[in-house]
Amino acid sequence: MPVAYEPHRRLWLLTGPSTSYAVRLAADDGVRHVHWGVPITLDQAAELADRDERTPHPAASSFEHGVGPEELPAEGGPRFGPAALQVRFADGARAVEWRHTGAHVEENSLRIDLADRHYPLAVALHYRLAGDVVERWTAVTNHGTTGITVLRCDSAAWTVPARSRHRLSHLVGAWSSEFRLQRADLPTAETVLTSRRGVTSHHANPWLAIDDGTAGEEHGEVFSAALAWSGSWRITVHRDPSGRAGFTGGFGHEGLTWTLAPGETLETPAFAGLHTMSGFGAASRSWHLYVRDEILPEAQETRPVLYNSWEATGFDVDEAGQLALAARAAGLGAELFVMDDGWFGARTSERAGLGDWTPNPHRFPRGLAPLAAEVRRLGMRFGLWLEPEMVNPDSDLYRAHPDWVLHMPHRRRTEMRHQLVLNLGRPDVAAWTHRWLDALVGDLGLDFLKWDANRPFTEAGWPGHPDPDRVHLAHTRAVYQIMDRLRADHPGLRIESCAGGGGRADLGILRRTDQVWPSDNTDAADRIAIQHGFGQLFPARVMGAWVTDSPNVTTGRVVPLRFRFHVAMAGVLGLGGDLTAWTAEELKEAAGLVAAYKLVRPVVQQGAAYRLSGGGTLTGVHYALGDDHVILAWCPSRPYGHTPGPLRLAAVDPVGVYRDLDTAATHSGAALLTQGLPLDLPAGDHASALVRLKLVKE
Ligand code: GLA
């Protein structure tokens, strides 16, 4: 039974394959945290609950008065930490005082119902076990006759055990440098991770991990959590001087308020958490399984090798140019051809045309159907770049509907990349957006959309709406609904999430997309760190990775073709260069590397990932699926000419024998574990290797 109950202590215990989670109702009917960690029995949970019950609150000094760790600390009473729930009632009262009204247990889930002791506010705390991942979310309902102002409604507050030290891992970035992993001591303070941008953001990602400072890739206790939301969000991580720590998070950034109308329920997105005793690598593998089994719409499908025209042409797309690229791409083994920006309206630069989603008649006088047909004749699927949430002021759409964008009275409309954001929270704008997308996908039989969003929200108002901050919820939910409807009506359609690179990667968008574009930076040397951070939460099968031209368009770095491929092969391989300029020799080498990727693709896309580090600049990743093992190793530079250290493998059986499928050499598992994998790296910088091993004897 995954959810057990002990009525005497009003204690619930949720147990997955290697995790338990326990909560109880305190005497004041508040929901208190009891345990998150290794599996425990109900008796053991009772012992922990009793211990918490006996802990003196208040403590010796009135200043230390507190209520202990809570599952959704509401503002009010002796609570001075970050509130997970803040409301204001019509008479100005702000605090919440709990009354337990019931609980509901289903096979894998628990709902605890609470209400305010006086005001007509009901709150449900939801828990769902998905393997070892605990999904948590909150629903608040107004049962009264006047509005209740919601100042904060987090999905969940999480408590980690008190330790003498805590370390926080999280992701930071910017355009062109997303998903860079930061790992540093958690200060005795409140640390806010947030996006105020209306999208998940390049700058912070709603994922984190906490350990006690001693965990490594394959050992140590790690707590990790990720929020399934693609708009603005906030997670506050806190640690107090006595070593108690936790975090609370949910949608919306500070300062937003929502009015809960009479009879209305507001439900938050899920905040998922997991615990492991086996290090950051195991935490990532658990996330990858969760994304595969619980989140992705088509998790078992093999992601095709795509070609994308952006770096080859910029905005200069036309039928002849695209056909030339398509012929080359097909020759290299691409399976999906995606035409990027520039094909519609007056979109010959970033200054105009967004919103006018009909093919540019000068560039595509016959429309897009002949291009789509030729791409398919070449054996590839056909996809298009789109930016459905945006509009250039210089467009027919904006001229007709200037009121459709996010704006505020008497405020400037800040343009970024010469564009404004459509308010998809408006039902008319959302319906129009769905209509043109549905027609375009249907008419061309589109197989793939690269759904982009190239600017954050500013002046996020909704003139005329009684509760204008609703736009932050309504816009994101409209994006979800449009994607869901398109997928339901066009079952073959696959979607890539892009927001000027990796600005929208989260568990919410992944429920309706198939892959993510992690960064506009396609420089393989930079990409290693971006992919390292991205992979903390997301599996290889959603990580788009193109091989582009050298020198790289963004960084100017010159990187050999083989290295560019070996880095991109760690995810969903794509091609993004100007193939018409590649030499016959480059095309031949590239075709060989695409073919090599197709051989290892099942293991990369479906296998378990182990991050490797060989000292110096040598890093890599090892994918394991059954008896098959694929190792990609990268050495971007070789300081002092020293030979990079061995790459020790973690996921091999010490008594097994492994054959290198390319050289026929055999290695014992013991040697791979202790001495490492011998790598035949070419001399010089940007050296890389792809090794395929098979377990031949146990
Ligand atoms: C964004 C995307 C790029 C490309 C351009 C087109 O920057 O991240 O890949 O599609 O838009 O304008």
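Odds and ends about this structure:
- Gain on full stretching of the segment that runs from ALA595 to GLU298 - 0.36 nm per residue minus C-alpha separation: 104.6 nm
- Burial ranking of peptide ranges 151-158, 639-646 (average Cβ count within 10 Å, highest at the top): 151-158, 639-646
- Fully extending the segment from SER613 to GLU264, taken as 0.36 nm per residue of separation minus the present Cα-Cα distance, adds 120.5 nm.
- Neighbour-limited loop hits for GluC sites (Glu not before Pro), the stretch 223-283 (at most 16 other Cβ within 10 Å; DSSP other than H, G, I, E, B): GLU254, GLU264
- Here the simple spin-label model places points 7 Å from the Cα toward Cβ, and for ALA189 and LEU587 these points are separated by 5.7 nm.
- Note on ASP438: accessible area is roughly 50 Å² with a 1.4 Å probe, heavy atoms of protein only.
- In Hz, Karplus ³J(HN,Hα) per residue of the stretch 462-469 (6.51, -1.76, 1.60; θ = phi - 60°; x = Gly, Pro): 8, x, x, 8, x, 9, x, 5
- Accessible area per residue (1.4 Å probe, heavy atoms of protein chains only) ranks ARG136, ARG399 as ARG399, ARG136, with the largest value leading.
- Ordering GLY503, ALA540, PRO466 by the projection of their Cα atoms onto the charge dipole of the stretch 461-566, which places +1 on the Cβ of Lys and Arg and -1 on the Cβ of Asp and Glu, puts ALA540 at the extreme positive end.
- Backbone HN-Hα couplings from phi across the stretch 69-83 [Karplus 6.51/-1.76/1.60, Hz, Gly and Pro as x]: x, 10, 7, 8, x, 8, 4, x, x, x, 10, 10, x, x, 7
- Net charge in the neighbourhood of LEU171 (other residues with Cβ under 13 Å of its Cβ; Lys, Arg +1, Asp, Glu -1) is 0.
- Annotation: extensible slack from THR555 through ARG417 equals 47.7 nm (criterion: 0.36 nm per residue apart, minus Cα-Cα distance).
- Each peptide in 227-236, 355-364 receives the mean, over its residues, of other Cβ atoms within 10 Å, and ordering these scores from highest gives 227-236, 355-364.
- When only alpha carbons are used to place a centre, the stretch 28-105 and the stretch 393-446 end up 45 Å from one another.
- Ellipticity at 222 nm from helices only: DSSP H runs of n ≥ 4 in the chain, each -39500 (n - 2.57), divided by the residue count, give -6500 deg cm²/dmol.
- Amide H partners (placed H, <5 Å) of ALA499, local residues excluded: ALA453, ARG504
- Charge context of ASN205, other residues only, Cβ under 11 angstrom, K/R +1, D/E -1: 0
- Residues with amide H under 5 Å from that of GLY37, placed H, sequence gap 5 or more: SER20
- Between VAL160, ALA124, GLN182, the Cα set farthest toward the positive side of the dipole of the stretch 71-201 (charges on each charged residue's Cβ, about the Cα centre) is that of GLN182.
- Dipole check for the chain: with +1 at the C-beta of Lys and Arg, -1 at the C-beta of Asp and Glu, and the Cα centre as origin, the magnitude is about 440 Debye.
- Loop-resident sites, the stretch 370-440, for chymotrypsin sites (Phe, Trp or Tyr not before Pro), counting at most 15 other Cβ within 10 Å (DSSP): none
- Using every pair of separate Cα atoms, the Kirkwood estimate puts the hydrodynamic radius of the stretch 455-514 at 13.1 angstrom.
- Amide hydrogen neighbours beyond the local backbone of GLU97, cut-off 5 Å, H modeled: ARG117, HIS118
- Orientation-averaged projection of the chain equals 32.2 nm² [convex hull of Cα atoms, one quarter of hull surface area].
- Each of the peptides 122-129, 194-201 was scored by the mean count of other Cβ atoms within 10 Å over its residues; in descending order, highest first, they stand as 194-201, 122-129.
- The spacing between the stretch 212-251 and the stretch 597-624, judged by their C-alpha centroids, is 26 Å.
- Three semi-axes describe the equivalent ellipsoid of the stretch 145-275; taken as square roots of 5 times the Cα gyration tensor eigenvalues and ordered largest first, they are 28, 18, 12 Å.
- 3J(HN,Hα) couplings calculated from phi for the stretch 118-128 with the Karplus curve 6.51 cos²θ - 1.76 cosθ + 1.60 (θ = phi - 60°) are, in sequence order, 10, 7, x, 10, 10, 10, 10, 9, 9, 10, 9 Hz; Gly and Pro show x.
The values are calculated or read from the model by the stated rules, or taken from the named source; none is laboratory data. Fair warning: this is a prediction, and the values are worked out from it, not measured in the lab. All Cβ positions, glycine included, derive from the backbone under ideal geometry; neighbour counts span all protein chains shown. Keep in mind that these areas ignore ligands, DNA and RNA; they rest on the heavy atoms of the full protein, side chains included. Shrake-Rupley method; radii C 1.70, N 1.55, O 1.52, S 1.80 Å.
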